[in-house]
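What follows is a single structure, written as structure tokens, with notes after it.
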Amino acid sequence: MAEDFIVTPWEVTGDIDYDLLAERFGTTAIDDKLLTRLSKYGEPHMMLRRGIFYSHRDLNIILDEYEKGNKFILYTGRGPSGHTHLGHIMPWIFNKWIQDTFGADMLFQFTDDEKFLFKQGATLADTRSMAYENALDMIALGFDTEKTKIILDTENIKTLYPIALKVAKKINLSTAKAVFGFDNTTNIGSIFFTSIQAAPAFLASEIAGRNIPCLIPCGIDQDPHFRACRDVAPGLGYMKPGQIYCKMFPGLSGADKMSSSDPMATIYTTDGPKEVKKKVGRAFTGGCVSVEEQRQKGGNPEVCAVFKYCYYLFEEDDRKLNEISSKCKNGEILCGECKIALTEKINTFLEIHQGKREKAKDVIGGMSFEGFKW
Ligand code: TRP
């Protein structure tokens, strides 16, 4: 059933109907007109062309301002609940493209406070060390080290706090319950938290003493935070931040979202070639049981996790992607072959990524906002 899915910042389950979700949240589709507008700045990123980044709020306004010479700041983040997997880096790769295309400064927030509050059993030491690990992955993707600053909530709280307070004063409990589904058992830190996630959106404006547009590229599951953030912005004299939202990166099991709760269906950036081979080998393809049947009937790329991985990340060439799809459908290539090809692509990517991740250790210190020490 199409209605049978849940997407909140803390829970994603079921078969997600992304159009319906955008409608429920009230976000706007990225249509051909907007894509054409974006192509003025360069060939639209594959994630735009393929409808992975598919929905937005006020992107046109952000671009209007940009064209007037009022450059936007980029803002995104990560709740450091565990090691980084491919699903996390997908929107980061897109952020890097926006940074390069528009020459944007960027704030990257690590919400160690959030994960401490929301995750059973997590200590502040855990979430802080995970933030460090996750930040290495972010840096490894090649963000401009001069233009990108890392916010670690428990370290930079002094700067965030006055903004968060202003935000918090404008959000009442009944709104928080309606937007986030809190109830009487929710700890009170969690209730306050959204104001901390809102703060970086206004930080550049606060520092400059004038409105600096802010664009937030991230998963659509974060929209509840930014709805609340946008609602309070005018009352505080800030410009509403714009958002550009992507779909969730699928799991290897065929689930709609890659999740650490299913480690065998999740590829971590620290996985070695053998682990990748094993995990991809077990991936859901929806293929037929016998080779004969598959040759005859063909496969179904729409449900195949291996194909989805090519679609979302590992085959940038649209022509090659279409070729994989049609060869699969007419039984020319079999699931085993696709799995071998994907394993190779992932392992090549990870080998390079892991090298850059090591090098990131040398620069991470210089990227911390206000120079906190890790
Ligand atoms: N809440 C996000 C998460 O759990 C982390 C986050 C903080 C974030 N600020 C953000 C995500 C801005 C996207 C954009 O991962």
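List of remarks:
- Cβ crowding within 10 Å ranks ILE267, ILE157 as ILE157, ILE267, fewest other Cβ atoms first.
- Taking only alpha carbon atoms, segment 200-351 gives an Rg to Rh ratio of 1.15, where Rh is the Kirkwood radius.
- Estimated Rh, the chain: Kirkwood, alpha-carbon pairs, angstrom: 21.6
- Lys, Arg +1 and Asp, Glu -1 on Cβ, resulting dipole of segment 80-134 about Cα centre, debye, nearest 20: 120
- Sparsely packed loop sites in segment 1-88 (the trypsin sites (Lys or Arg not before Pro) outside DSSP H, G, I, E and B with at most 10 other Cβ atoms within 10 Å) comprise LYS40, LYS68.
- Remark on SER55: its backbone amide H falls under 5 Å from those of ILE30, TYR245, a criterion applied only to residues 5 or more positions apart or on other chains, H modelled at 1.01 Å from N.
- Put a plus charge on the Cβ of each Lys and Arg, a minus charge on the Cβ of each Asp and Glu, and nothing anywhere else: the dipole of the chain about its Cα centre is then about 480 debye.
- Applying the criteria of a DSSP loop state and at most 12 other Cβ atoms within 10 Å to the GluC sites (Glu not before Pro) of segment 91-146 yields GLU146.
- Net charge contributed by nearby residues that have their C-beta within less than 15 Å of ARG57 (K/R +1, D/E -1): -4
- Among the GluC sites (Glu not before Pro) in segment 273-309, those located in a DSSP loop and surrounded by at most 16 other Cβ atoms within 10 Å of their own Cβ are GLU302.
- Each residue of segment 282-299 is assigned a 3J(HN,Hα), and the resulting list reads 8, 4, 6, 10, x, x, 6, 6, 10, 4, 4, 4, 5, 4, 7, 8, x, x Hz, derived from the Karplus form 6.51 cos²θ - 1.76 cosθ + 1.60 (θ = phi - 60°), x at Gly and Pro.
- Under 5 Å, built H, 5+ apart or other chain: amide partners of LEU74: ASP105, MET106, LEU107, LEU215
- Per-residue ellipticity at 222 nm, computed for the chain from helices alone with -39500 (n - 2.57) per DSSP H run of at least four residues, works out to -15500 deg cm²/dmol.
Each reported figure results from applying straightforward, stated rules to the coordinates on display, with no laboratory input. Keep in mind that this is a model prediction, so the values were computed, not measured. Neighbour counts run over all protein chains shown; Cβ positions are idealised from the backbone, glycine included.
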